[in-house]
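The values are calculated or read from the model by the stated rules, or taken from the named source; none is laboratory data. Predicted model only: the values in this text are computed from it and were never measured. Cβ coordinates were reconstructed from backbone atoms using ideal geometry, including for glycine residues, and neighbour counts include every protein chain displayed. With ligands, DNA and RNA removed, areas are computed over all heavy atoms of the protein, side chains included. Shrake-Rupley method; radii C 1.70, N 1.55, O 1.52, S 1.80 Å.
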Amino acid sequence: PEAKVQAEFIQHVLFNDMDQPWSRFVSEALSFIDFGHSVFEITNKVVLDHPKFGSYNGIRSLGWRSPKTILTFNLDEETGKLASISQWSNGDLSRSVDIPSQFLLVLNSRKEGSNYEGISWLRPCYGSYIRKATCLKLNAIGIEKFAVPTPLVKVPTGKEGTVDFESMIAALEVYTQHESNYLTYPEGWDIQLNSNTYDPEKVEYSIDAEDKRMSKAFLANFLELGMGSTGSYALSNDLSDFFLSGLEHIANEICEPINCELIPNLIKMKFGPQASYPKLKATGISDKAGRELADIIKLLVDGKVITPDDPLEDSMRKRIGLPPKSDIGVR
């Protein structure tokens, strides 16, 4: 019973009692995918005489500290753990501050040893992104340059620097494809339109190839099915399972520092040290679709691997968004 009360307390503090909504925290926390780290400054508050939890020390906000403003991660020379961060705040009130680690919640992506900066998940896409950006520029330049044929003028001998020559140059400078723009030239002048064989589809092929490389870097190549290629429904499910497993890993990386540092500190301030502490957990990421899940449950029940009971029914109702079971109005 005490553990359930503590879990309800943590749920209240994180999801109902902070100045900012939990969804904003998650959105800011996911910036560690781009930068390799996401740092929050913990601001506490005192709540007096709450109707359910009494007086307690809660959290006013988890203030996101932009990775673009963090200069250094300062380590403890003896333990190698994070001691503080040095932040440079730009703007009208520009100043440099050091924030001690006891007031920080640090999320890392692919952290190695004491490298609190982490490694960006976008790093494997960098080469493909640069090549794609270059190809897009070249394709736009090619289309613009070669959409209109290049006029070539053969100047008669002795006509250089004459009034006719200057008039021809002026006409070429304003040459565009339009029904009201045309060129006239006297006998003896020869003009040819040189058409280029530039093929933008070949560059588009290179761009699509880089897109595929970037999707594979994130295990999201199932998105390519149906876009110029074919694939079975079973293949799509198999490929998306890898992607969903990756999402679960990212969710666990967000939960881990909260479970190791934030939640234990809140419980200690309210209830004192405990043998174990509530844990934040992300669920439902890799849940199967309704029809597929129903087929799996039916197969397990028919094979007598599992027994349909009240906990199973409660879990299924919650998962597919049905109301809780009730004895009132049973059909």
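Annotations for the structure displayed:
- Boolean, Leu75 is in contact (Cβ under 8 Å) with a residue 60 or more places away in the chain and either among the small types (Gly, Ala, Ser) or closer than 15 Å to Glu117 by Cβ (or both): no
- Qualifying residues in the stretch 12-52 (those that are touching a Lys or Arg at 6+ places or on another chain (Cβ under 7 Å) and of a type in the set (D, E, K, R)) - the one nearest to Asn115 (Cα to Cα): Glu41
- Matching residues in the stretch 67-103 - criterion: being out of contact with any Phe, Trp or Tyr (no Cβ under 7 Å at 6 or more places or on another chain), surrounded by 14 or more Cβ atoms within 10 Å (Cβ to Cβ) and within 15 Å of Phe32 (Cα to Cα): Ile70
- Test: residue in the stretch 19-29 that is open to solvent by less than 50 Å² (accessible area, probe 1.4 Å), at pLDDT below 95 and more than 21 Å from the chain's Cα centre (by Cα): no
- For the stretch 139-175, taking the residues that are at pLDDT below 75 and within 17 Å of Gly188 (Cα to Cα), the one that is least open to solvent (accessible area, probe 1.4 Å) is identified as Pro151.
- The condition (being assigned to a strand (DSSP E or B) and out of contact with any Leu (no Cβ under 9 Å at 6 or more places or on another chain)) is satisfied by just one residue among Ile42, Ile99: Ile99.
- Total residues in the stretch 32-52, condition within 23 Å of Pro264 (Cβ to Cβ) and open to solvent by less than 20 Å² (accessible area, probe 1.4 Å): 5
- Residue tally, condition farther than 17 Å from Asn108 by Cβ and either part of a helix (DSSP H, G or I) or touching an Asp or Glu at 6+ places or on another chain (Cβ under 9 Å) (or both), over the stretch 70-86: 1
- Enumeration of residues in the stretch 104-138 that are free of Cβ contacts under 8 Å to residues at least 60 places away in the same chain, open to solvent by 80 Å² or more (accessible area, probe 1.4 Å) and over 25 Å from Ser38 (Cα atoms): Lys137
- Close pairs (6 angstrom Cβ cut-off, 6 or more residues apart or separate chains): within 15 Å of Phe40 (Cα to Cα) in the stretch 79-91, part of a loop (DSSP other than H, G, I, E, B) anywhere: Leu82/Tyr116; Ala83/Asp76
- Every residue from the stretch 193-240 that is touching a Ser or Thr at 6+ places or on another chain (Cβ under 7 Å), acidic (Asp, Glu) and either open to solvent by 50 Å² or more (accessible area, probe 1.4 Å) or at pLDDT below 80 (or both): Glu224
- Evaluated against (1) open to solvent by less than 50 Å² (accessible area, probe 1.4 Å); (2) closer than 19 Å to Ile267 by Cβ; (3) over 27 Å from the mean Cα position of the chain (by Cα); (4) not polar (S, T, N, Q), Leu14 falls short on exactly one condition, (3).
- Residue within the stretch 120-130 that is among the aliphatic types (A, V, I, L, M) and over 22 Å from Leu30 (Cα atoms) present: yes
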